[in-house]
Structure formats: structure tokens, C-alpha cells
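Report on the following structure.
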Amino acid sequence: MRKFLIASHGRLASGIASSCQILTGSTENITVIDAYLDESRIEPKIEAFFNALNPEDQAIMMSDLYGGSVNQVMARVLADHPDAFLITGINLALVLELIVDKESVLTKEQLLEVISMSREAMQLVEWENEEAPQAAADDFF
């Protein structure tokens, strides 16, 4: 089974988990670390995540910002857990794709594909129809 650890500066991680709960109905395989809200260190929380894994579980860690302190701590964990993956610069599209995918274990190539798809979810949205804004807004949803 895939297990996810999402960590961020502040409450971004729990916000993403909350959105996943609303959209999918489940966050049972997601562990969240909202870092730097108090003086506690994140290393023990990461260690607890790995200690709770079963041998057949796949660990996928996700962080908010490449090179940020949260990401740096998580990257050091990879040395002790070479089968784990760490994805940084996450967005909701990425997390949703990963948690709803039914594959039991994802390969590096599959993860790279999901990352590519999640990048495409980021777009600049511009209003194109100024004559009938309400009709166009209704059509969008």
C-alpha cells in the first residue's frame, strides 16, 4: 500500500490533506507535518512515519518548496530509506493524482509522469468574454 507524508512550512500540508478529504472522502494513507508552528522538530515525526510502515508499503514524501528547510530534512531521510521517493513543489493536482491512482507501487517513471501532468494543471486563467460575464461564468462550472 502507498503511504504519503506531506510536509510544509505552516499549514499548507494540512490544507492539502483537507482538500483531499473533501474531494476523495479519504486521507487514511496521508500523514501531515505542518512545520514551524511551534518549537518542535520535524525529524521525530518523519521517523514515526517510517516506523509505522509495513514492509510492503511504498513511502512517498512530498514537500512544499525545493531547497527549503523542510525539503532539506526530508532529503536527508532518503539515505536511510532508498526505496522512498521525495517530490517537492507540490500542488493539489499532484497529490490527488497520487492518492487516487490504483497501482499498488509506482515507479520512478510513473511518478515523473504524474509530476509532469500536475505542472500542466498550473495555468494563467484570463477572462475572455467581457460582454456576458455571468453566462460565461455559469458555463465554466
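The values are calculated or read from the model by the stated rules, or taken from the named source; none is laboratory data. Predicted model, so just to flag it, every value in this text is computed and none were measured. Because the Cβ atoms are built from the backbone with ideal geometry, glycine has one as well, and the counts that use them run over all protein chains shown. To get the accessible areas, we keep the full protein, side chains included, count just its heavy atoms, and leave off ligands, DNA and RNA. Shrake-Rupley method; radii C 1.70, N 1.55, O 1.52, S 1.80 Å.
Pairs are defined by a Cβ separation below 6 Å, a sequence spacing of at least 6 or placement on different chains, a first member in region 20-41 that is under 16 Å from I90 (Cα atoms), and a second member that is open to solvent by 50 Å² or more (accessible area, probe 1.4 Å) and hydroxyl-bearing (S, T, Y); no pair meets this definition. In the condition set (1) open to solvent by 80 Å² or more (accessible area, probe 1.4 Å); (2) in contact with a Gly (Cβ under 7 Å, 6 or more places away or on another chain), D34 is compliant with all but (1). Within the option set E113, E103, being at pLDDT 95 or above and farther than 28 Å from A35 by Cβ holds for one residue only, E113.
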